[in-house]
1. Going by the conditions given, is residue 59 more than 17 Å from the chain's Cα centre (by Cα) and either on the phi > 0 side of the Ramachandran plot or modelled with pLDDT of 95 or more (or both)?
2. Of the numbered conditions (1) among the aliphatic types (A, V, I, L, M); (2) over 17 Å from residue 30 (Cβ atoms); (3) touching a helix residue (DSSP H, G or I) at 6+ places or on another chain (Cβ under 9 Å), residue 86 fails exactly one; give the number of that condition.
3. Residue 106 - would you say it is surrounded by 13 or more Cβ atoms within 10 Å (Cβ to Cβ), over 16 Å from the mean Cα position of the chain (by Cα) and either part of a strand (DSSP E or B) or at pLDDT 90 or above (or both)?
4. Exactly one condition in (1) more than 18 Å from the chain's Cα centre (by Cα); (2) surrounded by 13 or more Cβ atoms within 10 Å (Cβ to Cβ) is false for residue 88; which is it?
5. As an exercise: evaluate residue 23 against (1) surrounded by 10 or more Cβ atoms within 10 Å (Cβ to Cβ); (2) modelled with pLDDT under 85 and give the number of the one condition it does not meet.
6. Would you be able to say whether some residue in the range 83-91 is within 16 Å of residue 133 (Cα to Cα), modelled with pLDDT of 95 or more and part of a loop (DSSP other than H, G, I, E, B)?
7. So for the range 67-75 (the condition being crowded, with 16+ Cβ neighbours inside 10 Å, at pLDDT below 95, of a type in the set (Gly, Ala, Ser) and outside any helix (DSSP H, G or I)), does at least one residue qualify?
8. Give just the number: which of (1) in a strand (DSSP E or B); (2) touching a residue at least 24 places away in the same chain (Cβ under 8 Å); (3) of a type outside the set (Gly, Ala, Ser) does residue 62 not satisfy?
Amino acid sequence: MNKIFRGIIVLLLIFAGSAAYAQTNAAPPTKQEIKKFKRGNFEYITGLYKGVVIKRTRRRQIEVDPATHRKAVLKVKWISDSEFWLTFISDTQTSKVPVKGMVIRVKILSVTADAYTCHWDCDKCGPGGTDSFRKIK
């Protein structure tokens, strides 16, 4: 009985480890899946800036908070199919102005039909985090 119990525990641990490995090593989104998120209008759907609206062109991203009317302008530079850098140019709220020229590195982790999730970090703002965005019309 003791051997059977140990065998079941070992199988459960192997299964749990395999599932965790599969989740963390899921295939990254393809170039074609990401293409529709490079330009357009988006909205933060998670995180500190939930509800903030984004308009992204090939080279510029403008973020507007409808509640406070705060507007931030950032330069967009695509580094690879799934990674881009945002460089702060200006912000309308001088009390919360990030350092001009500060770069936020963004990596798209997953996509759905109308949304994407990414990890971001920057040298001047700590370890970063994960946020999700929905494409809007």
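1. When the stated conditions are applied, residue 59 passes them.
2. (3)
3. no
4. (1)
5. (1)
6. There is no residue in the range 83-91 that is within 16 Å of residue 133 (Cα to Cα), modelled with pLDDT of 95 or more and part of a loop (DSSP other than H, G, I, E, B).
7. yes
8. Every condition holds for residue 62 apart from (2).
The values are calculated or read from the model by the stated rules, or taken from the named source; none is laboratory data. If you're wondering where the values come from, they're calculated on a predicted model, not measured in any experiment. Positions of Cβ are generated from backbone atoms using ideal geometry, with glycine treated the same way; all protein chains shown enter the neighbour counts.
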